[in-house]
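S.K.: Below you will find the structure I want to go over with you.
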Amino acid sequence: MTDLFGHAKDRIRNTALRSRLMTPEEASIYVQDGATVGCSGFTPAGYPKVIPSAMADRALNGGPKNFTLWTGASVAPELDGRLAEAGAISYRFPYQTGKAIRDAINGGEVGFQDMHLSMTPQNLRYGFYGPMDVAIIEVCAITEEGNLVPTTSVGNSPSFVESAERVIVEVNTSQPEGLEGIHDIFIPEEPPYRKPFHVLKVNDRIGTPYITCPMEKIVAIVPSNVPDHLTPMKEPDPVSRAMARNLMDLLSVEVSSGRLPPGLLPIQAGVGNVANAVIGELVDWPTDDLRIYSEVIQDSMLTLLETGKVQQMSGTAFTNSPEGAKKLLRRLEEIRKKAVLRPQEISNHPEIIRRLGLIAINTALEVDIYGHVNSTVAMGSKMINGIGGSGDFARNAFLSVFLCPSTANGGKISRIVPFCSHVDHTEHDVDVVITEYGVADLRGLVPRERSRLMIEKCAHPDYRAPLREYLRLGEARGGHEPHDLASALGWHLNYIEKGTMVPDQ
């Protein structure tokens, strides 16, 4: 512990703040029962590790709990996982992953409201959700002026620091000091005084490389050397490769038709193995002037930078595998010249997305025959993770693409369904749907045209005949977007009762 304190002191360049160094257990005293707590972190990157564990230990021993926990997006087991297992969380916002917290939400033990990620920081500052008591922020350094240098993510951290009554800082010496300078921290003015955001190119900078924090707010500083919780990326499977090829074919057609330039427009891709695999296919794109404007910068994006395919990158987090993290560290100086990490209300802001003309590539849980997308709730009830930033990008993109395999669970679930059991993205925000079987370009098509294209281009062959029969029943009833309400959710009910969506003959 003595060495850990010594290493942390070296990262605290404001000498007056060094006196506030303490253990995680001592710092956790500042988080009281029923507190609203904002933690840094966006995906398993840049989140506090040792203080939440101390909070969980206290809760297990009769200490404070009933926390309302905010982060940027999902985090990792050391944070909401441990706190959920300790029964210490009453409410969780705005997005989550992980079995412990998901089970608690679906079991009714933890309240959860799904939110568009671009909206959460400003709504917090507006006071829509009440006051924030404590912000717990991971940093790689504290500047001479007492300002905070984030680590591998920015997320909501600037707004948490601004809104919270008290700030606890976790100085993580396992995070590279070379991250300093890669961040672009900007908090917009509030309406009616908000000005346009002058992000005219992907890596334009409009803020500061640190989070401004009044020194009197910082009540504790805790040393840490726990690395981000990194998980390996899976090798692309045949289905992911087929979807990637279909996407490349679509983009090639858009270029040849003159709707996209040869170097494409800036690309956004969701988080996860499928998105990582699909973006990786751009390594064979014929030009070397690609740009990434997204929430997360994953392994495949770093590979594209390494090979010279990508010249500009912007995100709010580095979300990497262990191998990707090594690549980030090895090429950090070069990456810092081409990449920027922003607050999520800037990385996901509709004004910038619309101005830059993004190609938005996101994944779906299921899509119905008219192009409505469910990305969050399984079988109409069970929350998976949340909408995340997909809505921010889909509604405002130049081209909005959703990817999903045609089936799941060994073919027992069709991802192309008659009627979504929950809708996150309406037909109005979905331009193209891609599965391993093909591309349904829905632009300019009326509902009856969309339904036929979805069935023939995207559905698994085993489900096409039942989808055609459903469409026949719906059209017999008439209407602009024909449905047979008596059987609209019959496939989902069949799965719940019999373990397969295959309709009864």
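S.K.: Going by accessible area, probe 1.4 Å, with all protein chains left in place, what is the ranking of Ser174, Ser90, largest first? If you can, show how the numbers build up before the last one.
M.R.: Values: Ser174 50, Ser90 30 Å².
Listed by decreasing accessible area, they come as Ser174, Ser90.
S.K.: Each residue of the range 386-392 in order: what ³J(HN,Hα) in whole Hz does its phi give by Karplus 6.51 cos²θ - 1.76 cosθ + 1.60, θ = phi - 60°, with x for Gly and Pro?
M.R.: x, 6, x, x, 4, x, 4
S.K.: Among the lysines, which fall within straight-line cross-link reach of Lys498, defined as a Cα-Cα distance under 18 Å, with same-chain neighbours fewer than 8 residues apart omitted?
M.R.: Within reach: Lys382, Lys412.
S.K.: Calculate the FRET efficiency for Met248 and Asp33 from the Cβ-Cβ distance with a Förster distance of 60 Å, rounded to the nearest 0.05.
M.R.: On the way: r = 54 Å, r/R0 = 0.90.
After rounding, the FRET efficiency stands at 0.65.
S.K.: Something else: How large is the dipole of the range 273-380 about the Cα centre if only Lys and Arg carry +1 and Asp and Glu carry -1, each at its Cβ, rounded to the nearest 20 debye?
M.R.: Values: 12 positive and 14 negative charges, 100 e Å.
Around 480 debye, computed over the range 273-380.
S.K.: What pairs in Lys309/Lys337; Lys195/Lys217; Lys201/Lys309 have C-alpha atoms more than 22 Å from each other?
M.R.: Over 22 Å Cα-Cα: Lys195/Lys217.
S.K.: Round to the nearest 10 and report in Å² the accessible area of His483, as given by a 1.4 Å probe over the protein chains' heavy atoms.
M.R.: Here the residue's solvent-accessible area equals roughly 30 Å².
S.K.: Accessible area, 1.4 Å probe, largest first: how do Val502, Val171, Val439 sort? Provide the component values of the computation, followed by the final result.
M.R.: Numbers: Val502 70, Val171 0, Val439 40 Å².
I get Val502, Val439, Val171, largest accessible area first.
S.K.: Would you pull out the residues with amide H under 5 Å of Glu165's amide H, same chain only if 5 or more places away, H placed 1.01 Å from N?
M.R.: Met132, Asp133, Val134
S.K.: Taking H placed 1.01 Å from N in the peptide plane, check which residues at least 5 places from Ser375 or on another chain put their amide H under 5 Å from its amide H.
M.R.: Under 5 Å from the amide H of Ser375: Leu365, Asp424, His425.
S.K.: Determine which aspartates and glutamates satisfy two conditions relative to Lys9: a Cα distance under 16 Å, and not lying fewer than 8 residues away in the same chain.
M.R.: Reachable aspartates and glutamates: Glu138, Glu144, Glu145, Glu170, Glu177.
S.K.: At 7 Å along Cα-to-Cβ for each site, give me the label-to-label distance between Asn409 and His7 in nm.
M.R.: About 4.6 nm, to one decimal.
S.K.: If you don't mind, another one. Distance in nm between label sites at Lys217 and His198, each 7 Å beyond Cα in the beta-carbon direction?
M.R.: Result for the modelled spin labels: 2.5 nm.
S.K.: With a 1.4 Å probe and every protein chain left in place, tell me how much accessible area Tyr126 has, in Å² to the nearest 10.
M.R.: 80
S.K.: Determine ³J(HN,Hα), in whole Hz, for all residues of the range 73-80 in sequence, where each value follows from phi through the Karplus function 6.51 cos²θ - 1.76 cosθ + 1.60 and θ = phi - 60°; x replaces Gly and Pro.
M.R.: Each residue of the range 73-80 in turn: 8, 5, 10, 8, x, 5, 9, 6 Hz.
S.K.: Now a separate question. Which whole-Hz couplings ³J(HN,Hα) result when phi for each residue of the range 354-368 is put into the Karplus expression 6.51 cos²θ - 1.76 cosθ + 1.60, θ = phi - 60°, listed in order with x for Gly and Pro?
M.R.: So the Karplus estimates, Gly and Pro as x, are 5, 5, 6, x, 6, 8, 9, 10, 10, 10, 10, 7, 7, 9, 8 Hz.
S.K.: Could you work out [θ]222 nm for the chain from helices alone, using -39500 (n - 2.57) per DSSP H run of at least four and dividing by all its residues? Round to the nearest 500 deg cm²/dmol.
M.R.: Values: 18 runs with 157 residues, N = 505.
Calculated at 222 nm, the ellipticity per residue is -8500 deg cm²/dmol.
S.K.: Ok, one more. Sorting check: for 6-15, 153-162, 388-397, 244-253, which peptide has the highest mean count of neighbouring beta carbons within 10 Å, and how do the rest follow?
M.R.: Averaged packing, sorted descending, gives the order 153-162, 388-397, 244-253, 6-15.
S.K.: Placing unit charges on C-beta atoms (Lys and Arg positive, Asp and Glu negative, everything else neutral), compute the dipole magnitude of the chain about its Cα centre in debye, rounded to 20.
M.R.: That gives the chain a dipole magnitude of about 400 debye.
S.K.: Follow-up question, since we're still on this one. I'd like the FRET efficiency for Arg331 and Glu189, computed as 1/(1 + (r/R0)^6) with the beta carbon distance as r and R0 of 22 Å, rounded to 0.05.
M.R.: Numbers: r = 36 Å, r/R0 = 1.63.
In this case the efficiency is close to 0.05.
S.K.: List, in the order given, every pair from Lys234/Lys327; Lys49/Lys338; Lys234/Lys457 whose Cα-Cα distance in the structure shown is over 23 Å. Don't skip to the end; give the middle numbers.
M.R.: Numbers: Lys234/Lys327 17 Å; Lys49/Lys338 29 Å; Lys234/Lys457 27 Å.
Where the Cα-Cα span goes over 23 Å, the pairs concerned are Lys49/Lys338; Lys234/Lys457.
The values are calculated or read from the model by the stated rules, or taken from the named source; none is laboratory data. From a predicted model like this one, the values you see are computed outputs, not experimental measurements. Here the Cβ is made from the backbone with ideal geometry for all residues, glycine too, and neighbour counts use every protein chain on show. Please note that ligands, DNA and RNA were not included when accessible areas were found on the heavy atoms of the full protein model with its side chains. Shrake-Rupley method; radii C 1.70, N 1.55, O 1.52, S 1.80 Å.
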